[in-house]
Amino acid sequence: MEKRELVIIGAGPAGLTAAIYGRRAGLDVLLLEKGTPGGQINITDEIENWPGVKHASGQELGNMFREHAEKFNTEFRDTDVRKVEIREGRKIVVTEKEEIEAEAVIICTGAYFRRLGCEGEAEHIGQGVSYCAVCDGAFFEDETIAVIGGGNTAVEEGTYLTKFAKKVYIVHRRDEFRADRAAIEHALSNPKIEPVWNSVVERIEGDGMVENIVLKNVKTGEVSNLAVAGVFMFVGQAPYDEPVRGLVKAAKGGWIITNEDMETSVEGIYAAGDVREKGLRQVITAAGDGAVAAMSAVSYINEQVHLRSLLMEPEHVVAFFYSSIDGNQVQLSEKALKEAETMGKKLTLVDGYRNGKMVEKLELPGMPTLVELRKGEVVRTESPATLEKVLSFLK
Ligand SMILES: Cc1cc2nc3c(=O)[nH]c(=O)nc-3n(C[C@H](O)[C@H](O)[C@H](O)COP(=O)(O)OP(=O)(O)OC[C@H]3O[C@@H](n4cnc5c(N)ncnc54)[C@H](O)[C@@H]3O)c2cc1C
């Protein structure tokens with residue numbers, strides 16, 4: 001089976017940034033992408049919030065990210081990843097074509113906005129139909145727009161859009177919103193917001209840009225027109241979490257839970273970008289996550305590879321785990337090493353403070369701890385308070 005150091009799934013802003021950081025740190029990086037590198041931004045014509053680039057189309061920015069990753073010789077492979085599995089402690093990435101073993105995996109598969117599915121929606125994406133208020137709100141300065149939905153996102157983003165638009169209709173299929181009371185009160189007290197109850201969008205119209213939406217009242221059946229320059233759909237967003245569904249811990253809706261180092265609940269598997277549980281899903285936050293995830297993977301791989309050859313592979317090892325931030329333990333470790341040499345015994349020193357994962361893996365009680373391993377299996381441990389205790393362990 002093919003073996004790689006770092007496998008990244010998804011070449012959007014998160015995955016491409018992770019690849020740049022991984023390659024610059026000297027890792028062997030394989031980037032798997034089922035579509036076009038660049039990710040979701042490929043479908044937008046306007047990006048105005050990536051620092052340093054005042055304006056670019058999504059494709060232009062995506063191409064720049066891809067070229068940057070290529071400059072550092074990232075290997076790209078066009079393939080659909082079906083799942084990630086743990087087999088006998090090894091991480092296996094299963095694609096439509098093959099299986100690849102990885103030291104570490106970063107999930108950067110992104111998310112998608114649920115479409116409403118009405119006539120005229122698909123052809124007006126980027127032409128007045130939007131799924132992201134932060135991304136596109138500023139393009140509707142002094143315009144009249146419609147927000148579709150009735151949950152928290154619709155109500156809160158509708159309020160946010162009043163910063164730009166002169167009028168915001170919130171079109172909802174029921175006669176009350178499903179959002180939190182505070183969000184509803186905030187929205188309804190805003191003079192720029194007008195709810196349109198019991199209504200669904202039948203059609204979005206406009207020659208090029210959006211000009212009108214055709215609404216149907218679900219109670220009366222009455223059909224009406226609403227002249228708007230933009231339609232913001234907030235009918236849900238979902239992660240592309242299929243490859244790790246059931247493997248890593250996720251929040252409601254499948255959003256992958258990580259800590260601030262982008263570690264998931266499974267050691268050596270990281271998640272970055274829109275696929276993870278977080279507040280702001282944007283290019284810049286995806287790129288930031290990708291950088292952090294890659295650097296976490298670099299430390300993990302270095303630690304794993306180094307410590308595996310030091311501790312797990314030899315026939316017999318006696319190791320002394322100490323904490324490098326405790327002066328007494330550092331002194332004890334140095335004395336122990338010297339005495340071991342005099343006795344003709346081999347003692348391996350490991351900084352347990354910097355290699356906490358190995359301390360956890362070996363289930364050591366804390367530090368300092370002496371541990372005897374045979375073929376990677378712990379035979380005995382002791383927490384020595386004095387040099388004499390260390391020496392008696394070595395005998
Ligand atoms: C219309 C639109 C406009 C937007 N405008 C802006 C904006 O102006 N500014 C801004 O900051 N953000 C904007 N965003 C949001 C931004 O695009 C996302 O936050 C960002 O792309 C997330 O990056 P990501 O790398 O996490 O995921 P994505 O960009 O979604 O990339 C994920 C990649 O993973 C691939 N993938 C998924 N599953 C698999 C699999 N199983 N196997 C292999 N590959 C897989 C996908 O094909 C995709 O290329 C916009 C989004 C949209 C849809």
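The values are calculated or read from the model by the stated rules, or taken from the named source; none is laboratory data. Given the structure is predicted, the values throughout are model-derived calculations rather than measurements. Here the Cβ is made from the backbone with ideal geometry for all residues, glycine too, and neighbour counts use every protein chain on show.
Can you name the residue in the range 11-57 that is away from the ligand (no atom under 13 Å from the Cβ) and outside any loop (DSSP other than H, G, I, E, B) and is also surrounded by the most Cβ atoms within 10 Å (Cβ to Cβ) among such residues?
Among residues in the range 11-57 that are away from the ligand (no atom under 13 Å from the Cβ) and outside any loop (DSSP other than H, G, I, E, B), the one surrounded by the most Cβ atoms within 10 Å (Cβ to Cβ) is Gly22.
Can you tell me which residues in the range 71-109 are among the small types (Gly, Ala, Ser) and over 17 Å from Ala19 (Cβ atoms)? Walk me through how you get there before you give the answer.
Just the residues of the range 71-109 that are among the small types (Gly, Ala, Ser), to begin with: 89, 102, 104.
Within the range 71-109, Gly89 is the sole residue that qualifies.
Residues of the range 97-114 being outside any strand (DSSP E or B) and within 9 Å of the ligand (Cβ to nearest atom), which ones? Give the steps one after another, and end with the answer.
Keep residues of the range 97-114 that are outside any strand (DSSP E or B), which gives 97-98, 108-110, 114.
If the condition is that a residue be outside any strand (DSSP E or B) and within 9 Å of the ligand (Cβ to nearest atom), then Cys108, Thr109, Gly110 are the ones that fit.
Using the structure shown, decide if Arg82 is modelled with pLDDT of 95 or more and in contact with an Asp or Glu (Cβ under 8 Å, 6 or more places away or on another chain).
Details: modelled with pLDDT of 95 or more: yes; in contact with an Asp or Glu (Cβ under 8 Å, 6 or more places away or on another chain): yes.
So Arg82 passes the test.
When residues of the range 58-79 are filtered for being more than 10 Å from the ligand (Cβ to nearest atom) and either assigned to a strand (DSSP E or B) or not hydroxyl-bearing (Ser, Thr, Tyr) (or both), how many remain?
If we filter the range 58-79 for residues that are more than 10 Å from the ligand (Cβ to nearest atom), which is where we start, we get 59-60, 63-64, 66-76.
Next, from what is left, pick out any that are either assigned to a strand (DSSP E or B) or not hydroxyl-bearing (Ser, Thr, Tyr) (or both): 59-60, 63-64, 66-73, 75-76.
Result for the range 58-79: 14.
Check the range 344-353 and report whether any residue there is assigned to a loop (DSSP other than H, G, I, E, B), within 26 Å of Glu103 (Cβ to Cβ) and of a type in the set (Phe, Trp, Tyr).
Of the range 344-353, the ones assigned to a loop (DSSP other than H, G, I, E, B) are 344-347, 352-353.
The next check asks that each one be within 26 Å of Glu103 (Cβ to Cβ); those that pass are 352-353.
If we keep only those that are of a type in the set (Phe, Trp, Tyr) as well, we get 353.
Yes, the range 344-353 contains a residue that is assigned to a loop (DSSP other than H, G, I, E, B), within 26 Å of Glu103 (Cβ to Cβ) and of a type in the set (Phe, Trp, Tyr).
If you go through the range 241-265 one residue at a time, how many are under 29 Å from Tyr160 (Cα atoms), surrounded by fewer than 21 Cβ atoms within 10 Å (Cβ to Cβ) and either of a type in the set (Ser, Thr, Tyr) or modelled with pLDDT of 95 or more (or both)?
Matching residues across the range 241-265 total 6.
Only one residue in Ser324, Ser333 is closer than 22 Å to Phe393 by Cβ and surrounded by fewer than 19 Cβ atoms within 10 Å (Cβ to Cβ), so which one is that?
Details: Ser333 fails: surrounded by fewer than 19 Cβ atoms within 10 Å (Cβ to Cβ).
The unique qualifying residue is Ser324.
Could you tell me whether the range 48-55 includes any residue that is touching a Ser or Thr at 6+ places or on another chain (Cβ under 9 Å), in the same structural domain as Gly288 (by TED's automatic domain parsing) and either in contact (Cβ under 8 Å) with a residue 40 or more places away in the chain or under 15 Å from Val105 (Cα atoms) (or both)? Spell out the reasoning first.
Within the range 48-55, the first condition is being touching a Ser or Thr at 6+ places or on another chain (Cβ under 9 Å), and the residues that meet it are none.
No - not one qualifying residue is present in the range 48-55.
Among the numbered criteria (1) away from the ligand (no atom under 16 Å from the Cβ); (2) part of a loop (DSSP other than H, G, I, E, B), which one does Phe164 miss?
(1)
In the list Ile8, Ile86, which residue meets the criterion of being surrounded by 17 or more Cβ atoms within 10 Å (Cβ to Cβ) and assigned to a strand (DSSP E or B)?
Numbers: Ile86 fails: surrounded by 17 or more Cβ atoms within 10 Å (Cβ to Cβ).
The match here is Ile8.
If you scan the range 58-83, which residues turn out to be buried (at least 19 other Cβ atoms within 10 Å of the Cβ) and under 24 Å from Gln127 (Cα atoms)?
Gly58, Leu61, Gly62
Among the residues of the range 121-172, count how many are surrounded by fewer than 20 Cβ atoms within 10 Å (Cβ to Cβ), at pLDDT 95 or above and in contact with a Ser or Thr (Cβ under 7 Å, 6 or more places away or on another chain).
Final tally of qualifying residues: 2.
So that you can scan it fast, the table gives a plain yes or no per residue for (1) more than 16 Å from the ligand (Cβ to nearest atom); (2) closer than 27 Å to Arg4 by Cα; (3) of a type in the set (S, T, N, Q):
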| site | (1), (2), (3) |
| --- | --- |
| Ile284 | no, no, no |
| Gly288 | no, yes, no |
| Ala294 | no, yes, no |
| Ser299 | yes, yes, yes |
| Asn302 | yes, yes, yes |
| Ser309 | yes, yes, yes |
| Pro314 | yes, yes, no |
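Any idea which of Gly137, Gly158, Gly117 is assigned to a loop (DSSP other than H, G, I, E, B) and either under 27 Å from Asn42 (Cα atoms) or more than 16 Å from the ligand (Cβ to nearest atom) (or both)? Talk me through it step by step, then tell me what you get.
Values: Gly137 fails: assigned to a loop (DSSP other than H, G, I, E, B); Gly158 fails: assigned to a loop (DSSP other than H, G, I, E, B).
Criteria check complete, one pass: Gly117.
Condition first: touching a residue at least 40 places away in the same chain (Cβ under 8 Å), closer than 30 Å to Gln127 by Cβ and β-branched (Val, Ile, Thr). Can you find one or more residues in the range 22-41 that meet it?
Scanning the range 22-41 turns up at least one residue that is touching a residue at least 40 places away in the same chain (Cβ under 8 Å), closer than 30 Å to Gln127 by Cβ and β-branched (Val, Ile, Thr).
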